[in-house]
1. Sort out which residues of the range A:184-217 are at negative phi and charged (D, E, K, R), and write them in order of number.
2. Please return the ranges of strands (runs of 3 or more DSSP E) entirely within the range C:51-138 where 2 or more residues are open to solvent by less than 20 Å² (accessible area, probe 1.4 Å).
3. Taking the condition away from chain C (no Cβ under 14 Å) and touching a Leu at 6+ places or on another chain (Cβ under 6 Å), does B:Asn75 pass?
4. Within the range A:32-42, does at least one residue satisfy the condition of being over 22 Å from C:Ile51 (Cα atoms), surrounded by 14 or more Cβ atoms within 10 Å (Cβ to Cβ) and either touching a Lys or Arg at 6+ places or on another chain (Cβ under 6 Å) or not polar (S, T, N, Q) (or both)?
5. Go through B:Leu88, B:Leu60, B:Leu108 for me and flag whichever is closer than 23 Å to B:Asp172 by Cβ, at pLDDT 95 or above and within 11 Å of another protein chain (Cβ to nearest Cβ).
6. With the condition kept exactly as written, say whether any residue in the range C:178-201 is out of contact with any Asp or Glu (no Cβ under 9 Å at 6 or more places or on another chain), facing chain D (nearest Cβ under 10 Å) and of a type in the set (S, T, N, Q).
7. For residues in the range C:184-211 being within 18 Å of C:Ile266 (Cβ to Cβ), not in a strand (DSSP E or B) and not small (Gly, Ala, Ser), which is most open to solvent (accessible area, probe 1.4 Å)?
There are 4 protein chains.
Amino acid sequence: MKSKDCQRNTALLLVHCYDKQGLIADITDFLNKNNGNIIILDEHVEREDNIFFMRVEWELDGFLIPNEKIGDYFNTQIAAKYNMKWELYFRNVKPRMAVFVSKMDHCLFDILSRYQSGEWYVEIPLIISNHDTLAPVADRFGIPFYHFQITKENKKEQEKKELKLLKENTIDFIVLARYMQIVSPVIIDEYENKIINIHHSFLPAFPGAKPYHSAYKRGVKVIGATSHYATEDLDAGPIIAQDVVNVSHRDSVKDLVRKGRDLEKIVLSRAIYEHLDRTILVYKNRTVIFN
Amino acid sequence: MKSKDCQRNTALLLVHCYDKQGLIADITDFLNKNNGNIIILDEHVEREDNIFFMRVEWELDGFLIPNEKIGDYFNTQIAAKYNMKWELYFRNVKPRMAVFVSKMDHCLFDILSRYQSGEWYVEIPLIISNHDTLAPVADRFGIPFYHFQITKENKKEQEKKELKLLKENTIDFIVLARYMQIVSPVIIDEYENKIINIHHSFLPAFPGAKPYHSAYKRGVKVIGATSHYATEDLDAGPIIAQDVVNVSHRDSVKDLVRKGRDLEKIVLSRAIYEHLDRTILVYKNRTVIFN
Amino acid sequence: MKSKDCQRNTALLLVHCYDKQGLIADITDFLNKNNGNIIILDEHVEREDNIFFMRVEWELDGFLIPNEKIGDYFNTQIAAKYNMKWELYFRNVKPRMAVFVSKMDHCLFDILSRYQSGEWYVEIPLIISNHDTLAPVADRFGIPFYHFQITKENKKEQEKKELKLLKENTIDFIVLARYMQIVSPVIIDEYENKIINIHHSFLPAFPGAKPYHSAYKRGVKVIGATSHYATEDLDAGPIIAQDVVNVSHRDSVKDLVRKGRDLEKIVLSRAIYEHLDRTILVYKNRTVIFN
Amino acid sequence: MKSKDCQRNTALLLVHCYDKQGLIADITDFLNKNNGNIIILDEHVEREDNIFFMRVEWELDGFLIPNEKIGDYFNTQIAAKYNMKWELYFRNVKPRMAVFVSKMDHCLFDILSRYQSGEWYVEIPLIISNHDTLAPVADRFGIPFYHFQITKENKKEQEKKELKLLKENTIDFIVLARYMQIVSPVIIDEYENKIINIHHSFLPAFPGAKPYHSAYKRGVKVIGATSHYATEDLDAGPIIAQDVVNVSHRDSVKDLVRKGRDLEKIVLSRAIYEHLDRTILVYKNRTVIFN
């Protein structure tokens, strides 16, 4: 996904619909007869509800349908017939990501150092925060930093201003990098399955505030971190990635926080990677991740 | 812990009390002046409540206090002064363990195959079950199997009979190897911190029934297993060991059950190992494990 | 893969060949026009050598080609054109597995307890050993046990007898469950990519004898186990599964052996599961595993 | 280990010597009779060579021996008698660390972001490199950056200049943060067990150059990273920390590199943490880590 790799001239299609015999043959035939060389194809059938999921990537060089008409043709010739939900992406269009932070810097540093070294094919036009604590970090990396102080009273209004700013910057998706505020429907409704949060516990264990204190109190032998799409229900959205680390009686709450920080930044960055790589489909509050 | 190792002629002391300057020096001096060669010493101070924990093992060859008086001397000369709680064990006394099962055999097989090959220094005089399903497995390994059918009405009475049987067999501790019954205070009160349960989830996530179904529904990316001492609160006792395995959207509930079985048996056996090795102290529903 | 699941009436095709545009469309079209409902399709392109791999499973109910002609038709209509290598399996044909052991019982117990509880859809007609140590275990599970004492002088001859026995029992694949002998080409040539070995280290670290001693001496902080297909080069065949466990300075060689045993049996059983599930393709001493 | 925690007024003693009865009692008695309140004590006996290791930390407030004489007194009264090797540290003395880099920035960014946020109690007076690529990163964090171009011909001379610079800055220990040069005895001899390297493989697998390419070619299912003290033998020094991550046939060399980067930075930072926390003793090319 380094810049040069991502600029490969391919299209990516993510679809899901009720499973039906002939689906894969139909889709691959559509691509093949239009001279599209498939380079990746993944499919999965959720047996419980009989839902078919597919992710297919093909080369655009020589493809007979012009980019701007692919969606239209696919919809008419294939998607309509199966009542499909689908998304179409072009690899060489750089996604635009906003980062929301509060006061903790470890996730932000991790994101910005990857950004700086070109690890991801992404643009970060802005950082938003409810505190000005991390303005110097943003500054150090030359990224515009917007401070929106949030109180119970002004929250809705401030979020509307944030939304306006996001729109003006044509932001595609948002990363909550230890943003210690609940994002309300004002923003969530506009960015469904496009807001990636990191929660500092192994969900569904220890949702909400102070999970490391709770983990310590419960005496667990493993702690975790979970990245998920933010939904209106706190810490209950579709899970993208989780990881854990061993702890023991020797670890104080402070040690859990320290060990957890490393998990949080790595797990969040993995989720961002998958999101950027367009491997994720969401269905019924769960994710299908073709990686 | 193979038979021959365990028969080493040593004593083990587990203590906890309020921390105080000079504690370690006092205890080590007690052993040293009685010619006890310390071979393992671990200590930990829980800073929050200022509790001191120690586990010390020393050689009995040449130790000046006879085995049967060690407890008495230690109590008088050291423990009383610090208001200590302490336990004393001799390595070459073989612990006696009862196994409770229901219908699933994977944990039982794992335990019995270790028993059979002498991996643990333990005696298993009996297996108890609320079903007769696994009687043939017990039979195959030549272990007496007792079937106590349990209904809502007869539970208390049956457990009293079980307790009687346990006492008659001088059982030291109990392993619930996927025993799908809640053990009531009748037995728990007599075996405090001496009943090891395995729960098929990453506690405190998914306590109670059908955790794999819940994990599937929640769309987690990691599942786990937890062994803990059984207390009156279901799946809420002190945790001994936990481990996890990655899962993905490809895993159905059946796959989670399959992957989980491997975790369950390994995590349970790790807990049994630690219990047998006398590494565990319990404090405030948490464990200190000196391993 | 429990008996009843595996008896589902499906066929599985594993193919690999040079990648070419239209391949997937061709194969899915072949199945579709013969009324084969695809239930799983996985593909992968190895970019370095441009090799296409696919695993596809479809329902046989209503499939227009009779089972005994599927291979023939597929070969003529598809495989020949692409110069494919392919294998065809039917889910409801139970594979026949032989287990080779020496003196250690933990892997054997693990395999037999899974076999006994019907976890795998497999038949185990026999156990072969160079020692008679584990005959009682085989006996306990009611499986014929054959003892072939092996010396430097008689090895070739004994292996020929073993091979004859394997053939007479129409054995499909072999599991070396801590079989402390090098299997020679006499057998390997007849069971290419069909002999699963477990090596008690994290290959390619510590191949050959006494890996736990070497791991201890090197002071590693993690030990591992590796299951792989046996080839003529010792511990150098295609890797199927690997896993690791943390160790510390507190672990003696004996502790590494103990912790390693748990890894070995689980990693070996995972490899057996994948082999039975027909998810593995071998190419250039590496495995593609569609799980 | 955040600044304020580390400034606690304690001393730390690390010792090793042949094990002998009474050792622990002697040391604890020395501290106790001088009014030193022990807050952490860890000991370990390496059974093979009968070596005793101990790490003990005690409060200096009220301790009867002045700081500058502790070493002297301990040496005379205890260490000499047992022919001990020992090191003495004071928690509130901030260690000084130099970072060596080449062109890759992920480990450097990780180190500097921790430094910046005060995660470690350490001073980083300078960064040294054989390339000027990362000068802007050093600049961004306000740390002096020294560029020593190294050729086969000038290596020894340049290293002497580096050593001079290290000495002038009273550097206590060195971190090789993906420094793609072999450090020669010129520097190693002066910083024995004080140069922390990160190797991008699971040692002893894949030492030397291009481990990810080798891992890919071998078809391993897990890759790793190893931090160790640099010695004259390449990638063969005492191991401090190791960790692994799962990979599959889907991962190209580029993916291994990407996944590996996350491991490298986390594993290196864990090793730095342990070194700073003075938990590590080195013996016979292995580490005892009291964490």
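1. Looking only at the range A:184-217, we keep the residues that are at negative phi, and these are A:184-192, A:194-205, A:207, A:209, A:211-217.
The answer is A:Asp189, A:Glu190, A:Glu192, A:Lys194, A:Lys217.
2. Numbers: elements: C:51-59, C:85-90, C:96-101, C:123-129.
Once the strands (runs of 3 or more DSSP E) in the range C:51-138 are filtered for at least 2 residues that are open to solvent by less than 20 Å² (accessible area, probe 1.4 Å), what remains is C:51-59, C:96-101, C:123-129.
3. Values: away from chain C (no Cβ under 14 Å): yes; touching a Leu at 6+ places or on another chain (Cβ under 6 Å): no.
Judged against the criteria, B:Asn75 is not a match.
4. no
5. Numbers: B:Leu88 fails: within 11 Å of another protein chain (Cβ to nearest Cβ); B:Leu60 fails: within 11 Å of another protein chain (Cβ to nearest Cβ).
None of the other options fit; the residue is B:Leu108.
6. no
7. At the first step, the residues of the range C:184-211 found to be within 18 Å of C:Ile266 (Cβ to Cβ) are C:196-203, C:211.
Then keep just the ones that are not in a strand (DSSP E or B); that gives C:200-203, C:211.
Add one more test, that the residue is not small (Gly, Ala, Ser), and what stays is C:200, C:202-203, C:211.
Working: C:His200: 22, C:Phe202: 6, C:Leu203: 1, C:Pro211: 2 Å².
If we take residues in the range C:184-211 being within 18 Å of C:Ile266 (Cβ to Cβ), not in a strand (DSSP E or B) and not small (Gly, Ala, Ser), then C:His200 is most open to solvent (accessible area, probe 1.4 Å).
Each row is one residue, and each column tells you yes or no for (1) within 19 Å of D:Ala215 (Cβ to Cβ); (2) among the hydroxyl-bearing types (Ser, Thr, Tyr).
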| position | (1), (2) |
| --- | --- |
| C:Tyr216 | no, yes |
| C:Val220 | yes, no |
| C:Ala236 | yes, no |
| C:Asn246 | no, no |
| C:Ser269 | no, yes |
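The values are calculated or read from the model by the stated rules, or taken from the named source; none is laboratory data. Here the structure is a predicted model, which means the values were calculated and not measured. Quick reminder, even Gly has a Cβ in these numbers, built from the backbone with ideal geometry, and neighbours come from all protein chains shown. For accessibility, only protein heavy atoms count, side chains too; no ligands or nucleic acids. Shrake-Rupley method; radii C 1.70, N 1.55, O 1.52, S 1.80 Å.
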